[in-house]
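Chemist: Encoded as structure tokens, here's the structure I'll be asking about.
The values are calculated or read from the model by the stated rules, or taken from the named source; none is laboratory data. Bear in mind the structure is a predicted one, so any value in this text is a computation, not a measurement. Cβ: placed from backbone, ideal geometry, glycine included. Neighbour counts: every protein chain shown.
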Amino acid sequence: MAQLKEIKERINSVKSTRKITSAMKMVSAAKLNRAQKNIAGMLPYSSAMHHILRSVLSSGEDFETSLSRQRPVERVAVVAFSSDSALAGSFNSNVVKELRRALGAYAHLPKESIRIYTIGKKVFEAVGKLGYTVARNFEGLAARPSYDVLSAFAGELIAQFGAAEVDRVEVIYHHFKSAGAQVLTRDVFLPLTLDAAHAQEEEEAAARKILPDYIVEPSSSEVFAALLPKSLKLKLYTMLLDSNASEHAARVIAMQLATDNADELINDLTIDYNKSRQQSITSELLDIIGGSMK
């Protein structure tokens, strides 16, 4: 009877856990739906912005900007996106591993030459364990994306690079491909690679047989100078939305797996309970039969 009671208590415990994981899955699914709508709502503006920038780049003129200037890397800034809460599978641990690899690539630099910016509580805590100091942590931004905050931050990064306070800015985040696929990405935010971007746009235009013929006022260089910071700010905000949607998608998957595992465990425990109960009943019957025969 003691064994039956223990199995029954464990079944009840697993059922309680299953209710929690199932509820968390539904909450994360709702948040994921909202995050996808945020991305979809930004797409028209993003598409128009990049289309105009591509048009200026494909006009045939050579543009020079301080944001594309390549310098020896003596000072670097790393921006890492994670989540504020756990229970999202390997979402946060993958970001921390990639951050560790990025810092390892700059191990020859003194720690004071590496500026680390964190968006998300989990990566902020991990940086302290790695022995580095966080230059700035954006508390709560991972859960509540804000364009104004990211736009101002992108402006700070642009100003730092333009003033040669940092020679490179890298970002680590999850790119949201779909609800079932989130791609961990490490990208160079600054300096820009305009030549590569220009060549790619020329190839795309040639493939579509588009011959650009634009009239730009006041001038292509001035339009480009105005659009480039806006494009960078939009790019950083897009990374935040990508990370936010990826977090919820990873948590949906993790909670679904946990719920499925709970279902399997409940089934196995129920079978064990029924077997033990049957054995107990059989033993009692045999005792009764044995006693009546005496």
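Chemist: State all residues of the stretch 1-60 that are of a type in the set (S, T, N, Q), in contact (Cβ under 8 Å) with a residue 12 or more places away in the chain and within 30 Å of Phe224 (Cβ to Cβ); if no residue qualifies, say none.
Modeler: Of everything in the stretch 1-60, those that are of a type in the set (S, T, N, Q), in contact (Cβ under 8 Å) with a residue 12 or more places away in the chain and within 30 Å of Phe224 (Cβ to Cβ) turn out to be Asn38, Ser46, Ser55, Ser58, Ser59.
Chemist: Quick one: how many residues across the stretch 228-244 are among the acidic types (Asp, Glu) and modelled with pLDDT under 90?
Modeler: So the answer is 0.
Chemist: On to the next question. Within the stretch 68-79, track down each residue that is crowded, with 18+ Cβ neighbours inside 10 Å and of a type in the set (A, V, I, L, M).
Modeler: Selection gives Val76, Ala77, Val78, Val79.
Chemist: Next up: What are the residues in the stretch 120-155 that are charged (D, E, K, R) and either within 16 Å of Ser93 (Cβ to Cβ) or not assigned by TED's automatic domain parsing to the domain that holds Gly41 (or both), if any?
Modeler: The answer is Lys121, Lys122, Glu125, Lys129.
Chemist: Further question on the same structure: Answer with yes or no whether Val166 is of a type in the set (Val, Ile, Thr), assigned by TED's automatic domain parsing to the domain that holds Leu234 and touching a Lys or Arg at 6+ places or on another chain (Cβ under 8 Å).
Modeler: So Val166 fits the description; yes.
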